[in-house]
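Heads up: the structure comes next, in structure tokens.
The values are calculated or read from the model by the stated rules, or taken from the named source; none is laboratory data. Just so we're clear, the structure is a prediction, and the values are computed from it rather than from any experiment. Cβ placement follows ideal geometry from the backbone for every residue including glycine, while neighbour counts extend to all protein chains displayed.
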Amino acid sequence: MKTTTHLAAALLAGAALFSPAHAQEADPALTGTIHFMLPNVTTVRFIQQDGPKFVEAMAKYAPNVKVELINAEGSAAKQQQQAEAAITAGTKAIVLVAADPSVASGILTEAKSANIPVVAYEHEAKDGPLDYFVQFGALKVGQAQGKYAAEAIAKSGAKKVARLYGNKGDFYTTAVKQGQDEHLDPMIKSGAIEIVCEDYTDGWVPSAAQKLMEQCLTKTSDKIDAIVASNDGTAAGAIAALTSQDMAGKVPVYGGQDANVEALQYILLGKQSATVLKPYGNLADAAAQVVVSVLGGKTPPASIINGEFDNGFAKIPTGYLDVVNIDKSNVSAVVDAGVWSWADICTGEAAAVPECKQ
Amino acid sequence: MATLWFVFWKLKQQRAYKIRAARTWEGTVAQAASQANVGTMRDERSLGARLVDALAGDFRYAPVLLAIVLIFIFFAFQNIAYISPRNISNMVLQTVVVGTIALGMVPILLIAEIDLAVAAIGATAATLMCVVVVDLGMASWLGVLSAVAFGAFIGVLQGAWIARTRAPAFLITFGVSLALAGLQLSMLPETGQYNIMGTPLTLLVGTFLPRTFGWLLAIVAIAAFAVLRWLHYRDARKAGLDVSLANHVGLPVGLAAAALCGIVVVLSMHKGVPLAGVIFIGLTAIFSYFTSSTRYGLYLYAVGSNASAVARAGVSVNRIRLMAFALCGAFAAFGGVLGASRLLGVSAQSGAGGELLLAITAAVVGGTSLFGGRGSPWSAVIGAFAITAISNGMDLIGYGTEVKLATQGALLVAATSIDALVTRRPA
């Protein structure tokens, strides 16, 4: 698996990075319906960002192909039924964000026996035949978080570190933690830092993270130097706990991901240190190009499919997309990527920061 | 038992049974009736049966209060920070959100129904509040008011629908919760969340009363409670009931005063009494007065014990159902508002933190029956505090997710089983 984050390149390239490479020509000869299967209603990015952006990209590359968006509402069983219905309805291809990565093999097997190509999107789909996979990669996100946190902690001399993980047992939680560990474990082993509290956040719910951090602060009598969360939601919970002790902005909070508007506001206000941006438009575009290639009987461009992923069944040709670290210095990269506008970000307290007054 | 109780209810005048009800501390009609009927046979029954009966009556808070004491001892021995003023302050704030939703669950459980939409109502109402305050730029109090009104409105709709169709409430309300989740998603901006940091909305949970003001409130509360108890006592004497000043006024007022003073002392050592805690207790006190001393409040118990008897007595059962669901919706909405104020924002994950199950658990742990007709608003306070004390301790010590889930499950099973045991006792 590719491990570099191309952080420097991303920072330098700016807007140019976010325009899709090797854009394909529109192919009006392709027809039929394809299905984009979303996992749940709580991970808002899939509904608000990935879904619409995929539809947009498909309209560009294959204007006569209809895209159906269906949401499994968090249930792997429901997703399987939806996939069966799509296959029965004669879908041409399935783009699958697995509701539960470890039990998606039923869908994969049924699609295979009906000769329907499946492209896994962002979430891995384990133990079954899969045509392609496009993802930012949880491991890669964790590595980006860990690297940023490790460097900042080394620079600041922080010693006592609290860690908040995601939902215990999730594939995503484990991969993010593993990525962070690559950078934090050496510091723990050398004694440079000490983990004073660590816990899993039930369902990644911010209010659960808030309670965990309140208890961590109580246990340590506020003596923590840094917090490493696992996404923007858990970071927001930690910041809410810090706020009630008047410590928000005094203890750095690392380990964000998703570039939520709230997180960007906290970054501008100095309450959160960093987040990881996944330019959703790039992933949606890459998925659309892969689907169009498959529908046209071609091999997807090598610029997109740049690696492999072992899903337990086979080595799946995989496209890894770059993630970008965002801190106070480059919030504009989020705007350039077309994820949010300044008008989205500059609301409430954040409207008063210099970045919002330009 | 229910039939005996109905006869009793028919025979007595409104005022007379109010006084009877006042014999038990919180005054549930059903209990007064059951005690009046079984009183003479008490000595012939086994110790177990008498124990179960005591749990249903005057001593119904005893097990959970004892449990809280044991929980405190257990966790304090593992980490002394557990009983630090700061952690007690944490516990109070952590209790408030679940407790407020549990408060709404009480009238629903009293009429032997269930509302599985409370978490969704809370989340959607909080989102509406953000729309009003953040998007429309209106005053914060207007936002809170519209949230609570929305919750009550959803409650009325649910209550009306259930009353009319007599469809099982657990499925209707579950359906409503799904629909509300959809509504909430459509109300959220494209960014998927509202951030309310820096708005006055955060003051609801973020405010601590100045120490002198906290003490003043405590003294006023104790005085008010003492006056109420004394009025009850006077009425009971006038009605010719055998009650003593010590047992009817002295003991409850003394215990309440000691508990309240203790908690104010501890909270004052940290940041002071939190405003949200005062609002929560205030709401509970008002609600408790409503359920124990007003006609409609008592009807809640009556409907839960024997709905058809109430209907035959000429009271509109549907109206009581409507009222219970409206109250539940309003409390759930306010719980959602407090949750948003605490977390400093609202997102699609609001209400996904197990609030629904915790609220039901809290009410049942506190002694409100799932089978209707037995319980009190104070059960929401005590129950929510008990389960918060446990989860707070487990977070503090750093138990694994496995232990936390198993404990939550065991707690629900235990509380429900005790409830069933007490409900099925021979009358």
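For segment A:43-62, state whether one or more residues are within 30 Å of A:K147 (Cβ to Cβ), touching a strand residue (DSSP E or B) at 6+ places or on another chain (Cβ under 6 Å) and at pLDDT 85 or above.
yes
In segment B:154-196, which residues are touching a residue at least 60 places away in the same chain (Cβ under 8 Å) and of a type in the set (S, T, N, Q)?
B:Q158, B:S177, B:Q184, B:Q193, B:N195 - these are the residues of segment B:154-196 that are touching a residue at least 60 places away in the same chain (Cβ under 8 Å) and of a type in the set (S, T, N, Q).
For the condition surrounded by fewer than 24 Cβ atoms within 10 Å (Cβ to Cβ) and under 23 Å from A:R45 (Cβ atoms), what is the one hit in B:L178, B:L116? Before you say what the answer is, go through the steps one by one.
Details: B:L116 fails: under 23 Å from A:R45 (Cβ atoms).
Within the list B:L178, B:L116, the selection yields B:L178.
Quick one: in segment B:184-200, which of the residues that are in contact with a Leu (Cβ under 9 Å, 6 or more places away or on another chain) and among the hydrophobic types (A, V, I, L, M, F, W, C) is farthest from the other protein chains (Cβ to nearest Cβ)?
B:M187
(1) among the small types (G, A, S); (2) within 14 Å of chain A (Cβ to nearest Cβ); (3) under 27 Å from the mean Cα position of the chain (by Cα): which one isn't true of B:A224, the others all being true?
(2)
Just for strands (runs of 3 or more DSSP E) wholly inside segment A:259-345: which have at least 2 residues that are assigned by TED's automatic domain parsing to the domain that holds A:F46, surrounded by fewer than 19 Cβ atoms within 10 Å (Cβ to Cβ) and within 18 Å of the chain's Cα centre (by Cα)? Break it down stepwise before answering.
Values: elements: A:274-277, A:307-310, A:315-320, A:324-327.
Result: empty, no element qualifies.
Residue under question is B:I108, and the condition is that it be touching a residue at least 24 places away in the same chain (Cβ under 8 Å) and within 12 Å of B:N392 (Cα to Cα); does it hold?
In short, no.
So which residues in segment B:128-154 are touching a Phe, Trp or Tyr at 6+ places or on another chain (Cβ under 7 Å) and among the β-branched types (V, I, T)?
Selection gives B:V134, B:V148.
Answer yes or no: is there a residue in segment A:124-140 that is touching a strand residue (DSSP E or B) at 6+ places or on another chain (Cβ under 8 Å), basic (K, R) and within 14 Å of chain B (Cβ to nearest Cβ).
no
Quick check on my filter: what residues within segment A:26-45 are assigned to a loop (DSSP other than H, G, I, E, B) and either surrounded by fewer than 16 Cβ atoms within 10 Å (Cβ to Cβ) or not charged (D, E, K, R) (or both)?
Once the filter is applied, which keeps residues that are assigned to a loop (DSSP other than H, G, I, E, B) and either surrounded by fewer than 16 Cβ atoms within 10 Å (Cβ to Cβ) or not charged (D, E, K, R) (or both), segment A:26-45 yields A:A26, A:P28, A:A29, A:L30, A:T31, A:P39, A:N40, A:V41, A:T42, A:T43.
Does any residue of segment B:260-270 turn out to be without any contact (Cβ under 8 Å) to a residue 24 or more places away in the chain and farther than 14 Å from B:P107 by Cβ? Show your work before the answer.
Narrowing segment B:260-270 to residues without any contact (Cβ under 8 Å) to a residue 24 or more places away in the chain: B:262, B:265.
Imposing the further condition that a residue be farther than 14 Å from B:P107 by Cβ reduces the set to B:262, B:265.
Within segment B:260-270 (the criterion being without any contact (Cβ under 8 Å) to a residue 24 or more places away in the chain and farther than 14 Å from B:P107 by Cβ), the answer is yes, since at least one residue qualifies.
Return yes when A:A175 is at pLDDT below 95 and either surrounded by 20 or more Cβ atoms within 10 Å (Cβ to Cβ) or not acidic (D, E) (or both) and no when it is not. Don't jump to the end; show me each part of the working.
On the way: at pLDDT below 95: yes; either surrounded by 20 or more Cβ atoms within 10 Å (Cβ to Cβ) or not acidic (D, E) (or both): yes.
Spelling it out, A:A175 is indeed at pLDDT below 95 and either surrounded by 20 or more Cβ atoms within 10 Å (Cβ to Cβ) or not acidic (D, E) (or both).
Would you list the helices (runs of 4 or more DSSP H) that sit entirely within segment B:321-427 and hold 3 or more residues that are surrounded by fewer than 24 Cβ atoms within 10 Å (Cβ to Cβ), more than 19 Å from the chain's Cα centre (by Cα) and more than 14 Å from every other protein chain (Cβ to nearest Cβ)?
Once the helices (runs of 4 or more DSSP H) in segment B:321-427 are filtered for at least 3 residues that are surrounded by fewer than 24 Cβ atoms within 10 Å (Cβ to Cβ), more than 19 Å from the chain's Cα centre (by Cα) and more than 14 Å from every other protein chain (Cβ to nearest Cβ), what remains is B:401-423.
Picking from B:A163, B:A147, B:A102, which residue would you name as being surrounded by fewer than 22 Cβ atoms within 10 Å (Cβ to Cβ) and assigned to a helix (DSSP H, G or I)?
The conditions single out B:A163.
From the set of residues in segment B:64-86 that are assigned to a helix (DSSP H, G or I) and at the interface with chain A (Cβ under 10 Å from one of its Cβ atoms), which is nearest to B:S268 (Cα to Cα)? Reasoning before the result, please.
Of the residues in segment B:64-86, the ones assigned to a helix (DSSP H, G or I) are B:64-78, B:80-83, B:85-86.
So of that shortlist, the ones also at the interface with chain A (Cβ under 10 Å from one of its Cβ atoms) come out as B:81-82, B:86.
Working: B:A81: 16, B:Y82: 17, B:R86: 10 Å.
For segment B:64-86, the residue satisfying everything is B:R86.
So, in segment A:49-62, exactly how many residues are at the interface with another protein chain (Cβ under 10 Å from one of its Cβ atoms) and buried (at least 19 other Cβ atoms within 10 Å of the Cβ)?
The qualifying residues number 1.
Check segment B:89-99 and report whether any residue there is surrounded by 24 or more Cβ atoms within 10 Å (Cβ to Cβ), more than 30 Å from B:G272 (Cβ to Cβ) and away from chain A (no Cβ under 14 Å).
No, there is no match, as no residue in segment B:89-99 is surrounded by 24 or more Cβ atoms within 10 Å (Cβ to Cβ), more than 30 Å from B:G272 (Cβ to Cβ) and away from chain A (no Cβ under 14 Å).
Residue by residue through segment B:392-427, note down the ones that are more than 15 Å from B:R60 (Cβ to Cβ), in contact with a Ser or Thr (Cβ under 8 Å, 6 or more places away or on another chain) and in contact (Cβ under 8 Å) with a residue 60 or more places away in the chain.
Within segment B:392-427, B:L396, B:A427 qualify.
May I ask you to list the residues in segment A:51-65 that are touching a Phe, Trp or Tyr at 6+ places or on another chain (Cβ under 9 Å) and either among the small types (G, A, S) or not assigned by TED's automatic domain parsing to the domain that holds A:L96 (or both)?
A:G51
Looking at the structure I just gave you, is B:P274 closer than 30 Å to A:E349 by Cβ, in contact (Cβ under 8 Å) with a residue 40 or more places away in the chain, within 14 Å of chain A (Cβ to nearest Cβ) and surrounded by fewer than 17 Cβ atoms within 10 Å (Cβ to Cβ)?
no
For A:Q289, indicate whether it is among the polar types (S, T, N, Q), touching a strand residue (DSSP E or B) at 6+ places or on another chain (Cβ under 6 Å) and on the phi < 0 side of the Ramachandran plot.
Here the answer is no, as A:Q289 does not meet what is asked.
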